[in-house]
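Report on the following structure.
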Amino acid sequence: MKIIKYFKPLYIIYYWAGSLILNLIKFMVKPDDKLVLFISFGGKKFDDSPREIYDEMIKDNRFKNYKLVWAFHNPGDFIIPRGRKAKTDSFKYFITALKAQCWITNSRVERGLSFKGKNTFYFNTWHGTPIKKMGMDISNGNKSFGTKAKWNVDIMTSQSKYEADIFSRVFNIDREKFLVCGLPRNDSLAKATAKTKKEMMQKIGLPLDKKVILYAPTFREYERDNQLNCVIAPPIDFDKWKREIGSEYIVLLRAHYEVAEVLNVKADNGFVYDVSNYPVLNDLMIASDLLISDYSSIFFDYSILDRPMLCYAYDYENYVDRRGLYFDIRESLPGGTINENELLELIKDLPYKNVMKLVRDFRSFYVQSYGNGTKVSLDTIYKNINSE
């Protein structure tokens, strides 16, 4: 799939041949109006907004007679409370998708193809508000190419008008199909308290006498090894960080799920905790006191917590040239293209009032709705799959 995704001529063959075959099979498959298919991050995880919707769905009597299926790359790695599992890209997966009355995802279900049935309700929560260019806005020179094909989404959730306007254009989705209700995954952030913060620190196994920095850089799809795996090498010396701020802080290092390896960074259980594989990102956000990132959509979600955020965009010009951004994040949040020493000084002498004013202005524009996304999503799904 990596080779298909990043080699456009091969993808074109895959798209047309695969779509044709599945659309022919579709005529031989009987739809099941009580079947719901879930897939998160293309089958990599059991989390995010699809998980939030699922957890509420299995408690909702309206869905007690529904068959729920989760799709994973490695089904054996996950335990789900109810329903069954399917392996992505298998024959069983595609047959399940053809039968399902409802698809629920935060990415895509069709695995780069087009075969949605006319009676299938496609509910997409996506997985973040865009800072970096997406879909058709990605430059032709970028290895991660976009597509002009119209998405078959029936409803896509969003957190703001800004988000809906961009996604409707770059994913070629009708603007009226967007539901500005917030992301279900962020409901827990809106409800977080000092008590839940302490509980999350204990759950993760963090010392309660230290402040917690969550460092969560995004991936650079143009930085890959010989096996096409994403790697990242931030200009950070965590030994220096430990000497400078280790008496007051610890660091949670959270690499993007696309990143296979973080280079030049050594995790130290006394100061740096590598939580890249920790299953619930919200736990890490709730447990932390300060977020540092670059061009990641985590900024939008974290702003709901009303806590300080710093931008460490050490490769800004290169990133803009090779991937592209919708706005200059350096103008919206403190930090920007400062070097590592300047970042450490900013952490040590944090101008809290000034930082929080920028954070709150950022949230008021980019995150207009949050806190009730799961309920609104469930009601919307039930209404649509039970409509005449």
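Here LEU24, LEU113 are screened, and the one residue that is of a type in the set (A, V, I, L, M, F, W, C) and open to solvent by 40 Å² or more (accessible area, probe 1.4 Å) is LEU24. Determine if the range 96-107 includes at least one residue that is within 27 Å of ARG322 (Cα to Cα) and in contact with a strand residue (DSSP E or B) (Cβ under 8 Å, 6 or more places away or on another chain). Scanning the range 96-107 turns up at least one residue that is within 27 Å of ARG322 (Cα to Cα) and in contact with a strand residue (DSSP E or B) (Cβ under 8 Å, 6 or more places away or on another chain).
For every residue, the table says whether it meets (1) hydroxyl-bearing (Ser, Thr, Tyr); (2) open to solvent by 10 Å² or more (accessible area, probe 1.4 Å).
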| position | (1), (2) |
| --- | --- |
| ASN152 | no, yes |
| SER158 | yes, no |
| PHE167 | no, no |
| SER188 | yes, yes |
| LEU208 | no, yes |
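Out of everything in the range 354-382 that is of a type in the set (D, E, K, R) and either over 22 Å from ILE292 (Cα atoms) or part of a loop (DSSP other than H, G, I, E, B) (or both), what residue ends up being least open to solvent (accessible area, probe 1.4 Å)? So the residue we want is ASP379. Looking across the range 246-296, the residues that are closer than 30 Å to GLU317 by Cβ, out of contact with any strand residue (DSSP E or B) (no Cβ under 8 Å at 6 or more places or on another chain) and either crowded, with 17+ Cβ neighbours inside 10 Å or of a type in the set (Ser, Thr, Tyr) (or both) come down to LEU281, SER296.
Which condition from (1) open to solvent by 50 Å² or more (accessible area, probe 1.4 Å); (2) over 16 Å from ARG307 (Cα atoms) is the one that ALA194 breaks? Single failed check for ALA194: (2).
When the range 333-381 is filtered for residues that are touching a Cys at 6+ places or on another chain (Cβ under 8 Å) and among the small types (Gly, Ala, Ser), the ones remaining, listed by number, are GLY335, GLY336, SER369, GLY373, SER377. Any residue that is modelled with pLDDT under 95 and among the charged types (D, E, K, R) - is there at least one of those in the range 195-204? Checking the range 195-204: not a single residue is modelled with pLDDT under 95 and among the charged types (D, E, K, R). Residues that are out of contact with any helix residue (DSSP H, G or I) (no Cβ under 9 Å at 6 or more places or on another chain) and closer than 18 Å to ALA192 by Cβ within the range 245-278 are absent altogether. Only a single criterion out of (1) of a type in the set (Lys, Arg); (2) assigned to a loop (DSSP other than H, G, I, E, B); (3) in contact (Cβ under 8 Å) with a residue 60 or more places away in the chain is not satisfied by LYS59, namely (3).
Would you please name the residue that is most open to solvent (accessible area, probe 1.4 Å), looking only at residues in the range 303-353 that are without any contact (Cβ under 8 Å) to a residue 24 or more places away in the chain, assigned to a helix (DSSP H, G or I) and not acidic (Asp, Glu)? The residue in question is LYS353. Name the single residue that is surrounded by the fewest Cβ atoms within 10 Å (Cβ to Cβ) among those in the range 31-56 being part of a loop (DSSP other than H, G, I, E, B) and touching a Pro at 6+ places or on another chain (Cβ under 8 Å). The qualifying residue surrounded by the fewest Cβ atoms within 10 Å (Cβ to Cβ) is ASP47.
The values are calculated or read from the model by the stated rules, or taken from the named source; none is laboratory data. Just so we're clear, the structure is a prediction, and the values are computed from it rather than from any experiment. Because the Cβ atoms are built from the backbone with ideal geometry, glycine has one as well, and the counts that use them run over all protein chains shown. Accessible surface is based on the protein model in full, side chains and every heavy atom, while ligands, DNA and RNA are left aside. Shrake-Rupley method; radii C 1.70, N 1.55, O 1.52, S 1.80 Å.
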